[in-house]
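For reference, the structure is listed below as structure tokens.
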Amino acid sequence: GVNCGGDPRMCCRQEFFVDFKEIGWEDWIIQPEGYHMNYCAGLCPLHMAGIPGLAASFHTAVLNRIKAASAAAAVDSCCVPTQRRPLSLLYYDRDSNIVKTDIPDMIVDSCGCT
Amino acid sequence: AAKGAWCPACGVAALAPGTQRDALLALAKQSILAKLRLPARPRVPQPPSRGALLTALRRMRAQRSDTAAAFPGMLRDGRDPPRSPGMGLQEYEILSFAESGSSTSHSVRLHFRFSQEVAGSTEILQATLYLFWAAPSPGAQPVTVRLLQPDPAGPNRTLARETRLEVQRSGWTSLDVGAAVQSLFGQETPRLTVELEVPEDWGSPLPSDHSDSHWPFVVAKARARTPHRVHRR
């Protein structure tokens, strides 16, 4: 995947770190100190759509077959997460119990065009 | 995304930088609270004492290494081996310290509260109660641990299970309370009540000071319930 530079044009991953102290949550979230809420941004022009390895999948292969048949049949392409991982949290719940949980698919590691 | 299609980050890109940051921070809060099933962030917590927390973490680690020795298939730090893909159900580990309730000279009631958000959507995998006995003198002495459950007919509590132990010397005991905690997880206010009774000459079964590192606690492991399978017609 590609990380966005200063001015994202093409599909890329925009890094965005939420510091729990900045939003006043450091008193009830024990660990970690923040959340990498990265997101996907940028365009997916036709020549980038479905390049295997960006969002290699069966879906992409089918799209390539359609495009090969007739460019007019090609559909829009989206810049979406292609790899995500869990966010592990250690926090106090409403009864001041200490809870540890891994929230699946919360952190985007890479983006690609469908 | 295609024009008009909704996606959380697309709209953000069009905002002015300052507004964009605020929108993203709001999105982060909303996303975390939604995944923790919390309507709002919890109020400022009353953390346990440092001594009690360190003791509980040590006992949890000791318990894991015992289990790991018993089940070599588990990973070094006591986690279950990775399950088959698609089994990524969210799991919770909960550490709950006792609140002391009514007491007599040689018995006391303890309460352990579990949040509705977790209790309402998970199933208990295991739950263990840890108790420290401060025996005043060596030699076998009888103590009783009663698990009480709400009485559906009224405000009182009924006996769910009674365990008698012979305590030889001061030390920790752990009891499996998985079934009792699971039975709570369907209730409005999931609260486990435990009654401890010791010989008259022991005095109170609880440490005198709440910040004592021998304060009773429960460690529970829960997993999000599998979503109901959609029956194919």
- Message: Which residue is farthest from B:Ser96 (Cα to Cα), if the candidates are limited to the range B:14-48 and must be assigned to a helix (DSSP H, G or I) and of a type in the set (Gly, Ala, Ser)?
- Response: B:Gly18
- Message: If A:Pro86 satisfies all but one of (1) free of Cβ contacts under 8 Å to residues at least 40 places away in the same chain; (2) within 19 Å of B:Ser115 (Cα to Cα), what's the number of the condition it fails?
- Response: (2)
- Item | B:Thr226 being at pLDDT 90 or above and among the β-branched types (Val, Ile, Thr) | no
- Of all residues in the range A:93-113 being hydroxyl-bearing (Ser, Thr, Tyr) and touching a strand residue (DSSP E or B) at 6+ places or on another chain (Cβ under 6 Å), which is nearest to the other protein chains (Cβ to nearest Cβ)? A:Thr101
- Message: Any residue that is under 12 Å from the mean Cα position of the chain (by Cα), among the hydroxyl-bearing types (Ser, Thr, Tyr) and modelled with pLDDT of 90 or more - is there at least one of those in the range B:105-128?
- Response: yes
- Number of positions in the range B:176-223 that are over 16 Å from the mean Cα position of the chain (by Cα) and among the hydroxyl-bearing types (Ser, Thr, Tyr): 4
- Query: Looking only at residues in the range B:138-166 that are surrounded by 10 or more Cβ atoms within 10 Å (Cβ to Cβ) and small (Gly, Ala, Ser), which one is nearest to B:Ser208 (Cα to Cα)?
  - Reply: B:Ala140
- Query: What number of residues in the range B:155-207 are farther than 22 Å from B:Ala56 by Cα, β-branched (Val, Ile, Thr) and not in a strand (DSSP E or B)?
  - Reply: 2
- Scan the range B:117-135 residue by residue and report those that are within 20 Å of B:Ser174 (Cα to Cα), of a type outside the set (Val, Ile, Thr) and out of contact with any His (no Cβ under 8 Å at 6 or more places or on another chain). B:Leu125, B:Gln126, B:Ala127, B:Leu129, B:Tyr130, B:Leu131, B:Trp133, B:Ala135
- Can you tell me which residues in the range A:6-42 are closer than 26 Å to A:Cys79 by Cβ, of a type in the set (A, V, I, L, M, F, W, C) and within 8 Å of another protein chain (Cβ to nearest Cβ)? A:Phe16, A:Val18, A:Met37, A:Cys40, A:Ala41
- Item | Options B:Pro72, B:Pro42, B:Pro17, B:Pro81: the member that is more than 9 Å from chain A (Cβ to nearest Cβ), closer than 30 Å to A:Phe16 by Cα and either out of contact with any helix residue (DSSP H, G or I) (no Cβ under 6 Å at 6 or more places or on another chain) or at pLDDT below 85 (or both) | B:Pro17
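The values are calculated or read from the model by the stated rules, or taken from the named source; none is laboratory data. Predicted, not measured: the structure shown is a model, and the values here were computed from it. Note that we place each Cβ from the backbone using ideal geometry, even for glycine, and neighbour counts take in every protein chain shown.
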